[in-house]
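The values are calculated or read from the model by the stated rules, or taken from the named source; none is laboratory data. None of the values given here were measured: they were computed from a predicted structure. Backbone-built Cβ (ideal geometry, glycine too); neighbour counts: all protein chains shown. These accessible areas exclude ligands, DNA and RNA; they are computed on the full protein's heavy atoms, side chains included. Shrake-Rupley method; radii C 1.70, N 1.55, O 1.52, S 1.80 Å.
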Amino acid sequence: MFERLPTPFGLVRVGVAPDHQKIKSVITQYEAVAAHDGYRLLGCVELGTDITRAELRRHFDVVVYAVGAASDRRLGIPGEDLAGSHAATEFVAWYNGHPDHRELEYEVANCSRAVVVGNGNVAMDVTRMLARTHDDLAKTDMADHALEALRHSTVEEVVVLGRRGAAQAAFTAPEIKELGALDGVDVVVHEDELELDEASRAALEVGPTSQRKIYDTLRTFADRPPTGAPRRIVLRFLVSPVEILGDDRVEAVVVARNRLEADESGALRARGTDAREEIPCGLVLRAVGYRGTPLADVPFDDRGGVIPNERGRVIDADGAPIHGEYVVGWIKRGPTGVIGTNRADARETVAEILDDLAAGRITPCDAPDRDGVDHLLRERECTPLTFAHWRRIDEHERRRGGESARPRVKLTSLEEMREIATVASQPDD
Ligand code: NAP
């Protein structure tokens, strides 16, 4: 397994919210895989820089790309690049201690209102991080730099903007319920924004129970009188940002009121009206989806932000399968679904690999022995970190966490990780 960071587990380490520790227990399943003799981790090795696609093909019979979606989708509105307007994906990477994002700064200390654009679970995650008390956050494995910045936060209100209605929210039922249970937080929903048009009412009636549960939770929020809690989360529906205002930094968001319209497929889409409203704020986080980025020399579908594939088999520009190259996860199907979704997704890809192997469609590689890759990386002065190295980082982080009753204290600098991983004797891989 090649990984550009010293730490395995991708989004479980740098994407899952720090207050959702239980979800991270999936790591024990990955650890069981890592215990197999045939597995080895080559951390700090980047495809395209330290090793090329052609070299991977020369040294391995089968290559599976599992790189996720590293970038974000944009709003494409004026003012989006003003200071104080950020991608939630980066904010998430920052508070989770991703080494590439540790230097970012968020001016939460001079801001009383933040606006979060989007109605998915990432919007829920960043809203919770802005609304939770420092005492709550200090019990988690949130990166220390983020904990320190949020300790000085003056944010009193987080406004979440949903472009469609309360019946079309993309967040899931447990996540919206969780907002209502936060200490020191009132959740506000405007009664008029819960009113359903006929199509939405019909969709809720025949649609999945989970969507009705979400709607019912939103209704309980609307019925709850505010308690005067120190922080508020305001969930708005049928509004889209059309401009971010400010001279050098964000001062307000202009939103357009939307109505719902069915498209040719019958899906209800947001359509802007002429009605406008200005929401003063000091921080804007757009949580409107992740986006995959291309890998050097690997086919890429720019429109979908994925590696083009059929059931996980990478295909070339003519749609022909490239036997021996496969894809899983968000870079295969786009940035949707929870961690569990990847189980079925991976099964599908593995079934194709086994089929291709059984049918003799995979040409064995030229140089299958391990030494070949090791030699190549050595020549490039690339010294990979192994799973045993990761264990040292892991132990170090947990030990430091134990000192302050936290799950771990994350290392966020690559240099520091390498130092801790390689100190004293060299562990076996
Ligand atoms: P998502 O679920 O696709 O939600 C994206 C949201 O952004 C939708 O509400 C979408 O509205 C809205 N949006 C898109 N473009 C917009 C625009 N131009 N203006 C305004 N709103 C816009 O994506 P996500 O939140 O990034 O989550 C990605 C996946 O990870 C999801 O499957 C999510 O469930 C999962 N995840 C799960 C957890 C968890 O289980 N706790 C945590 C984080 C992420 P429309 O619906 O109208 O398109």
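Ratio of alpha-carbon Rg to the 2.2 N^0.38 Å globular estimate for the chain, to two decimals, please. Walk me through the intermediate numbers first.
On the way: Rg = 23.4 Å, N = 429, 2.2 N^0.38 = 22.0 Å.
For the chain, the normalised Cα radius of gyration comes out at 1.06.
For the chain, what is the accessible area per residue in Å² when the probe is 1.4 Å?
On the way: 20990 Å² over 429 residues.
Counting only protein heavy atoms, the per-residue value for the chain is 49 Å².
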Carbon plus sulfur, as percent of the 1.4 Å-probe accessible area of the chain, comes to 49
With -39,500 (n - 2.57) per DSSP H segment of 4 or more residues and division by the full residue count of the chain, the 222 nm estimate, nearest 500 deg cm²/dmol, is -9500 deg cm²/dmol
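What does the charge add up to near ALA181, with Lys and Arg as +1, Asp and Glu as -1, over the other residues with Cβ less than 14 Å from its Cβ?
Numbers: positive: ARG128, ARG132, LYS177, ARG224, ARG231; negative: ASP19, ASP136, GLU175, GLU178, ASP183, ASP186.
Taking every Cβ under 14 Å from that of ALA181, the sum is -1.
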Which value, in debye to the nearest 20, gives the size of the charge dipole of the chain about its Cα centre, when Lys and Arg are +1 and Asp and Glu are -1 at the Cβ? 960
Quick one: in segment 71-290, what % of C-alpha pairs are over 30 Å apart? 21
When the charge dipole of the chain is computed with +1 on Lys and Arg Cβ and -1 on Asp and Glu Cβ about the Cα centre, the Cα farthest towards its positive end, among ALA199, PRO226, GLY118, belongs to PRO226
